[in-house]
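These notes concern the structure reproduced below.
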Amino acid sequence: DAEEYQPPIWKSYLYQLQQEAPRPKRIICPREVENRPKYYGREFHGIISREQADEILAGVEGAYILRESQRQPGCYTLALRFGNQTLNYRLFYDGKHFVGEKRFESIHDLVTDGLITLYIETKASEYISKMTTNPIYEHIGYATLLREKVSRRLSRTKNESRKASVTSEENTPVEKITSLVRRAALTQNDNHFNYEKAHNFKVHTFRGPHWCEYCANFMWGLIAQGVRCSDCGLNVHKQCSKYVPNDCQPDLKRIKRVYCCDLTTLVKAHNTQRPMVVDSCIREIEARGLKSEGLYRVSGFTEHIEDVKMAFDRDGEKADISANIYPDINIITGALKLYFRDLPIPVITYDTYSKFIEAAKISNPDERLEAIHEVLMLLPAAHYETLRYLMIHLKKVTLHEKENFMNAENLGIVFGPTLMRPPEDSTLATLNDMRYQKLIVQILIENEDVLF
């Protein structure tokens, strides 16, 4: 059973080294120093030379002082004793203290973190360089065992919601084990739409000891010890993050909204083929709006469109957008267009934008169609599926052109800049490309049965 699953033995070598690292020893200046910066304490020794700093720190591992540079008055240096030598670092302050990327509330924390890093990288440089060579993440026995156990558990609870059994915070054994385990369970059992998605790693400060879920080694240091995926919660070393496969399984608890959320992240979090806001809006429009004059061209009231947006952000697929609440179908079309405009990466992605524009410039219709088809194949799977579904819908809209006065060209004018934007925020580029944006969408609508 899943609760019997034992996570791998975390490798403790680097943790032991962190425990052995020298502790900071502040050397206080015996005299009161004039013009001492208010954000430094009595470890500040004023303007002294490197040689004087070396004498003050001699023989005391982990000892440190702060000094003002003789050569550049107004510039400050951290002098630190490590490995029987004095190391000098240019010191900065912008509300926090730093000598590199990491920023600290106090000099003591900065020195503590620095000594840990120096000690571990000195003692274990070869070990660190080989950390990623045998990762637990890709260990076949580990992954297979996990999937078999979770699969058996899920088969016994098939009458319950599969998604709830994996994502519920209470009374579920899957939550008791690592996010690595949760992802593998989802990959095998819960995610029917297996779109590839890269992890959204951000530098993270872990409270208490933490181990990397890729290589199983300790994540050393006081702050910013590694990175965490803000979509699924995977915790890894920064260097290990380069080797993690694009298999992120977003956790609904981490996805705070529907609009302005990355498209692939949203569909994987909700375990749907397409963003549910697209399905819901199109279903409503096809049920009661296909014959509405100026469909997609006529705007609904902005405040009502914002209400729909908030409803989806708040209630997800349970958002009520029926005629009882929003009788004007233009509010629903406006909400759908707003969803596409708000995407951080457009449906037609920045990576493929220029290729689509170049394809649109081809004069021979057959060659142009073939070129567009080739570029469509470059879209991420979730983007491709969303675009395909939308084009099928817009084709239905054109079948009612006599009532709604919306043909493929008119819809191209509306949806061109909604579905595709140039990577650079250039007004000139946008204006120059508008006719090609329109043409691309027009061709996609007219040839959706051939292209998709």
Looking at (1) open to solvent by 10 Å² or more (accessible area, probe 1.4 Å); (2) assigned by the TED database to the domain that holds V308, which is the only condition K242 fails?
(2)
If only one of P365, P423, P380 is out of contact with any helix residue (DSSP H, G or I) (no Cβ under 8 Å at 6 or more places or on another chain), on the phi < 0 side of the Ramachandran plot and open to solvent by 20 Å² or more (accessible area, probe 1.4 Å), which one is it?
P365
So which of N410, N447, N432 ends up being among the polar types (S, T, N, Q), crowded, with 20+ Cβ neighbours inside 10 Å and within 28 Å of V298 (Cβ to Cβ)?
N410
Are any of the residues in the range 39-49 surrounded by 13 or more Cβ atoms within 10 Å (Cβ to Cβ) and touching a Gly at 6+ places or on another chain (Cβ under 8 Å)?
no
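Please determine, by comparing only the residues of the range 326-344 that are open to solvent by 50 Å² or more (accessible area, probe 1.4 Å) and at pLDDT 95 or above, which one is nearest to the chain's Cα centre (by Cα).
Checked the range 326-344; the qualifying residue nearest to the chain's Cα centre (by Cα) is R341.
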In the range 201-226, the residues that are open to solvent by 10 Å² or more (accessible area, probe 1.4 Å) and of a type in the set (A, V, I, L, M)
V203, L222, I223, A224
Qualifying positions in the range 44-81 - part of a loop (DSSP other than H, G, I, E, B) and over 24 Å from E121 (Cβ atoms):
I48, S49, S69, Q70, R71, Q72, P73, G74, C75
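This table checks each residue for (1) open to solvent by 30 Å² or more (accessible area, probe 1.4 Å); (2) within 32 Å of the chain's Cα centre (by Cα); (3) in contact (Cβ under 8 Å) with a residue 60 or more places away in the chain.
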{"residue": "W10", "(1), (2), (3)": "yes, yes, yes"}
{"residue": "Q19", "(1), (2), (3)": "yes, no, no"}
{"residue": "I28", "(1), (2), (3)": "yes, no, no"}
{"residue": "D54", "(1), (2), (3)": "yes, no, no"}
{"residue": "I65", "(1), (2), (3)": "no, no, no"}
{"residue": "T77", "(1), (2), (3)": "no, no, no"}
{"residue": "G83", "(1), (2), (3)": "yes, no, no"}
{"residue": "Y89", "(1), (2), (3)": "yes, no, no"}
{"residue": "I116", "(1), (2), (3)": "no, yes, yes"}
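The values are calculated or read from the model by the stated rules, or taken from the named source; none is laboratory data. No experiment lies behind these values; they were computed from the predicted model shown. Neighbour counts run over all protein chains shown; Cβ positions are idealised from the backbone, glycine included. These accessible areas exclude ligands, DNA and RNA; they are computed on the full protein's heavy atoms, side chains included. Shrake-Rupley method; radii C 1.70, N 1.55, O 1.52, S 1.80 Å.
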